[in-house]
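The values are calculated or read from the model by the stated rules, or taken from the named source; none is laboratory data. Remember, predicted model here, so these are calculated numbers, not experimental data. FYI the Cβ positions are ideal-geometry reconstructions off the backbone, even for glycines, and counts take in every protein chain you see.
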Amino acid sequence: MSEGVLVVDVGTSSVRSSIVDPDGTVSHVHQVPVLPSTPETGTVEVDASAIAGAVLSTAAAVIAEAGEVECVGITNQRATTVVWDAGTGVPVGPGIGWQDLRTVVQCLVLQGEGLRLAPNASATKLQWILQSVDPDLVASGRLRFGTIDTWIAWTLSRGALHVTDATNAAVTGLVTADAQGWDDRTLDILGIDASVLPAIVDSVGVVGEASALRGAPRIASIVGDQQASLAGQGCVAPGQGKLTFGTGGMLDQVLGGQPPFSSLSPAGCFPIVARRRNGSITWGLEAVMLTAGSCIEWLRDDLGLISDPAETDPLAASVPDTGGVSFVPALLGLGTPDWDFGARGGFFGLTRGATRAHLVRAVLEGIAQRGCDLVESAERDGLPTLTELRVDGGMTENETFIQLLADCTGRCVEVSPVREATTRGAGLLAFVATGTISDDADIAQTWQPSRTVEPRGTEGDRDAARAHWSQAKARTLRTIPGLSDVRF
């Protein structure tokens, strides 16, 4: 039997199963792409059945290779919404991805009823699905709602578990202020019956058996991807934080006690549940970039400027600067600090001399500048200054991007030893649940960055670049004014 934890990690574009050892080493990785689709502008859908199939196949492959395990950790893209028939276990239709904006107008309407919900939360996505299926099926009481963690726990337990952990529940838009239960007023306004909702459980703790896997190992941790990444990068003490550059980009910091604000802050950040253990919540703060790595996919899939994301590194490095070109990564609007869902991306400063290399470098630099936006927003909210930036996600393999991030922020950047620290964090939290790791200090000691990158340039250089960036970003705001008026 393996001494490690099996971790199932469901991201926005792939499903990965791996073994995590107590020192944080990740091995026996089996990963398959499960890409979202965009049937219409502003929509993002996922095939929940394909995700379930990929989870079972990759997990089985890992166990076949590494041996049976005693416990399982689950980590996942958050807020993506799935509804299925409990009688058949079959989804009623496509799941709605966290980036989907189809309910943005409904969010605007709900503001008039005193309910402020973000379109990237689960609440209005669930309402939309329930209003789109057969009313008789809704009335039957057989429907079940879940974010991806819930769907995977249901799949692994063969329908025995209908649960979500507090980190995932807290970003649905459906919980009470203390994130310990579902909010009756919100459910009433949205017309959602509480019977479709899962039970909220600890992020760190055994909740049941994964009977669909050989040996029926215990499910010992369930945690949203960004919170798992916090743990995976050794960020467990108040004030510690990290940046993840995946499909989107997220800055997360640990607060510890109750956050100083209950909803969106003046600087555009919001409170999150960092984890829940033994019923007690550790709080955190999050700042969000809606598109990061998805901009690289856009360069490849839609513009055809590259054939592989790996090309962006040498291509961007082939020119000393962007040649005056700026790019604002607002393909699905802007998150922190602006929260303008009507903003749209754009290239600025194009001339006849602008080349493919300049455009690619401008995209990397724009994502780095958005990362700086997130860091500055957290500091404006009074959080401790991050003297170094711990980073993970697919974009950290791009050396040019990491250097640009260091240059833009003026901070030393420490790169995660594993590209996806989500897997690592979920595994370490599962070890805490089973007693293999005793406390947070053990998690913190596992942090050993793969490389460290120092910033270049002067403070004056950074200030000039930030001013130029701010001017470009301002030109993208309120491109679609109606959508820009959504507040949460």
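Values as computed for the structure displayed
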{"quantity": "Residue 78 vs. criteria under 30 Å from residue 333 (Cα atoms) and either assigned to a strand (DSSP E or B) or outside the structural domain of residue 155 (by TED's automatic domain parsing) (or both)", "calculated": "no"}
{"quantity": "Subset of the range 1-41 (residues that are surrounded by fewer than 18 Cβ atoms within 10 Å (Cβ to Cβ), among the small types (Gly, Ala, Ser) and either under 20 Å from the mean Cα position of the chain (by Cα) or on the phi > 0 side of the Ramachandran plot (or both))", "calculated": "13, 14, 37"}
{"quantity": "Selection within the range 205-240 - of a type in the set (A, V, I, L, M), surrounded by fewer than 19 Cβ atoms within 10 Å (Cβ to Cβ) and outside any strand (DSSP E or B)", "calculated": "212, 216, 237"}
{"quantity": "Test: residue in the range 145-157 that is in a helix (DSSP H, G or I), among the acidic types (Asp, Glu) and without any contact (Cβ under 8 Å) to a residue 60 or more places away in the chain", "calculated": "no"}
{"quantity": "Among the candidates 396, 409, 400, residue that is more than 14 Å from residue 472 (Cβ to Cβ), of a type in the set (Ser, Thr, Tyr), in contact (Cβ under 8 Å) with a residue 12 or more places away in the chain and touching a Phe, Trp or Tyr at 6+ places or on another chain (Cβ under 9 Å)", "calculated": "396"}
{"quantity": "Pick from the range 102-131, criterion of a type in the set (Gly, Ala, Ser) and in contact (Cβ under 8 Å) with a residue 40 or more places away in the chain, ranking: surrounded by the most Cβ atoms within 10 Å (Cβ to Cβ)", "calculated": "123"}
{"quantity": "Entirely in the range 379-464, the strands (runs of 3 or more DSSP E) that have 1 or more residues that are within 14 Å of residue 243 (Cα to Cα), of a type in the set (A, V, I, L, M, F, W, C) and at pLDDT 95 or above", "calculated": "388-392, 412-415"}
{"quantity": "Residue under evaluation residue 275, criteria (1) free of Cβ contacts under 8 Å to residues at least 12 places away in the same chain; (2) within 30 Å of residue 240 (Cα to Cα); (3) of a type outside the set (Asp, Glu), criterion not met", "calculated": "(1)"}
{"quantity": "Test: residue 257 is closer than 23 Å to residue 369 by Cβ, modelled with pLDDT under 95 and of a type in the set (Gly, Ala, Ser)", "calculated": "no"}
{"quantity": "Residue match in the range 56-64 (condition: assigned to a loop (DSSP other than H, G, I, E, B) and in contact (Cβ under 8 Å) with a residue 24 or more places away in the chain)", "calculated": "no"}
